[in-house]
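The values are calculated or read from the model by the stated rules, or taken from the named source; none is laboratory data. These numbers were taken from a predicted model, which means no experiment stands behind them. Here the Cβ positions follow ideal geometry from the backbone for every residue, glycine too, while neighbour counts run over all protein chains shown. Just so you know, the surface numbers come from the protein's heavy atoms only, side chains and all, with ligands and any DNA or RNA stripped out. Shrake-Rupley method; radii C 1.70, N 1.55, O 1.52, S 1.80 Å.
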Amino acid sequence: MTLASGLLTFSNIMAEDYIDDIDIEDEEGQQLYEHLRVVVDKGQEPLRIDKFMLKKLQHTSRNRIQRAADAGFVHVNDRPVKSNYRVRPFDVITLMLDRPQYDNTIEPEDIPLNVVYEDTDVLVVNKPAGLVVHPGCGNYHGTLVNAVAWHLKDVPTYDPNDPEVGLVHRIDKDTSGLLVIAKTPIAKTKLSLQFFNKTTHRSYNALVWGNFTEDEGRIEGNIARDPKDRMRMAVFPPDSGVGKRAVTHYRVIERFGYVTLVECILETGRTHQIRAHMRHLGHPLFADERYGGMEILRGNRTGSYRQFIENCFRICPRQALHAKTLGFVHPTTGEQVDFTSHLPVDMEMLILKWRKYINGTNLNNDVL
């Protein structure tokens, strides 16, 4: 039996998620729970277990596997092994974690949805900030997917646990805005192809730190996980061979001297693309703690200004980013459909506060 065929209860993706999320701080004698069991193929040549598992679990890192093994979470034949252990034919490899298995079945939950459009094939919703899109480690309930399952619970052809329907794309938990959900397999296939071919139209509004010398521009830089912080993405040169190609176009909407409201249009759709690209450009999103935007990056340091910024952070305590427009070819009619959403209240109030501040000072719109 190979590793791929030896998964009893989890897919490769689920196993990778657990390896990436485990707490490496082990305690002697703690209770461990089996999450993965594998019987090595009879023709397997001796190979370090970290390399063996990396070949099968390609969406995690060798470092994470090594740390899991060295913490006692990787067992062979019921005994913990270190990362330099060499697997042999018929070895039984188990992944033992410090928490029970989680049933990842998606259950309907009565969570309010802001439905922008719906027909028999697609559902377009305006997601509020703070709502996780899909269940994952640490967020098993109360997600957008659970809300959609409730909304469509009386549609007999929609199964929230069927990967052939449902979410076509995602946005971050603390990003608000438009998302499309496919209600049929055909709709999912056709919409996914449009996202893959980059023929959809998506624009975001973002409030970023700093002023721009130009009114519009283009950012191109590969995006990959930051080697110094796995919770953050980093930008690498296009010819570096690191990460995936990413292109963002931006246009200035309104200048407030120390911050700027911009429109961002995605040519590609990578994880944290706008957040990472703007930080790389020297303009982190306002209040984006993960990318350095929860600090005073522009302006003087007077007490009144610091108080003003703190009040702004209280009004909008998350990255000021909203998926404002979404356009695609309807999977059934073949017609172009476009949707627009208003900025949420927190971003509206934040922009109004900056507009009032800038109008009450002698600040001009030069680069500061």
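For the condition open to solvent by less than 60 Å² (accessible area, probe 1.4 Å), part of a loop (DSSP other than H, G, I, E, B) and under 26 Å from K228 (Cα atoms), A276 does not qualify. In this entry, T105 passes the filter for residues that are at pLDDT below 85, part of a loop (DSSP other than H, G, I, E, B) and over 20 Å from L47 (Cβ atoms). Checked against (1) in a loop (DSSP other than H, G, I, E, B); (2) open to solvent by 10 Å² or more (accessible area, probe 1.4 Å); (3) under 12 Å from T175 (Cα atoms); (4) not basic (K, R), D346 passes all but condition (1).
Filtered by the rule that a residue be free of Cβ contacts under 8 Å to residues at least 12 places away in the same chain and basic (K, R), the stretch 238-265 gives no residues. A single member of V145, V133, V165 is touching a strand residue (DSSP E or B) at 6+ places or on another chain (Cβ under 6 Å) and among the hydrophobic types (A, V, I, L, M, F, W, C), and it is V165. Taken as a whole, the structure leaves R270 outside the set of residues that are of a type outside the set (A, V, I, L, M, F, W, C) and either touching an Asp or Glu at 6+ places or on another chain (Cβ under 6 Å) or modelled with pLDDT of 95 or more (or both). In contact with a Ser or Thr (Cβ under 8 Å, 6 or more places away or on another chain) and either over 28 Å from R218 (Cα atoms) or open to solvent by 20 Å² or more (accessible area, probe 1.4 Å) (or both): does that describe V337? The answer is no for V337. Scanning the stretch 151-201 for residues that are basic (K, R) and buried (at least 21 other Cβ atoms within 10 Å of the Cβ), we see that the one that is nearest to V115 (Cα to Cα) is K183. Quick check, is E263 acidic (D, E), under 24 Å from S176 (Cβ atoms) and open to solvent by 60 Å² or more (accessible area, probe 1.4 Å)? So E263 fails the test.
When we screen K198, K228, K190 for residues that are over 21 Å from R270 (Cβ atoms), more than 17 Å from the chain's Cα centre (by Cα) and of a type outside the set (A, V, I, L, M, F, W, C), the only hit is K190.
This table checks each residue for (1) open to solvent by 30 Å² or more (accessible area, probe 1.4 Å); (2) of a type in the set (K, R); (3) at pLDDT below 95.
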position	(1), (2), (3)
E254	yes, no, no
R290	yes, yes, no
T302	yes, no, yes
C316	no, no, no
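Residues of the stretch 263-278 that are within 23 Å of F328 (Cβ to Cβ), among the aliphatic types (A, V, I, L, M) and more than 14 Å from the chain's Cα centre (by Cα): I265, L266.
Based on this model, can you work out whether L321 counts as open to solvent by 20 Å² or more (accessible area, probe 1.4 Å) and among the hydrophobic types (A, V, I, L, M, F, W, C)? When the stated conditions are applied, L321 does not pass them. If you go through the stretch 202-233 and pick out every residue that is at pLDDT 95 or above, open to solvent by 20 Å² or more (accessible area, probe 1.4 Å) and part of a loop (DSSP other than H, G, I, E, B), you end up with 2.
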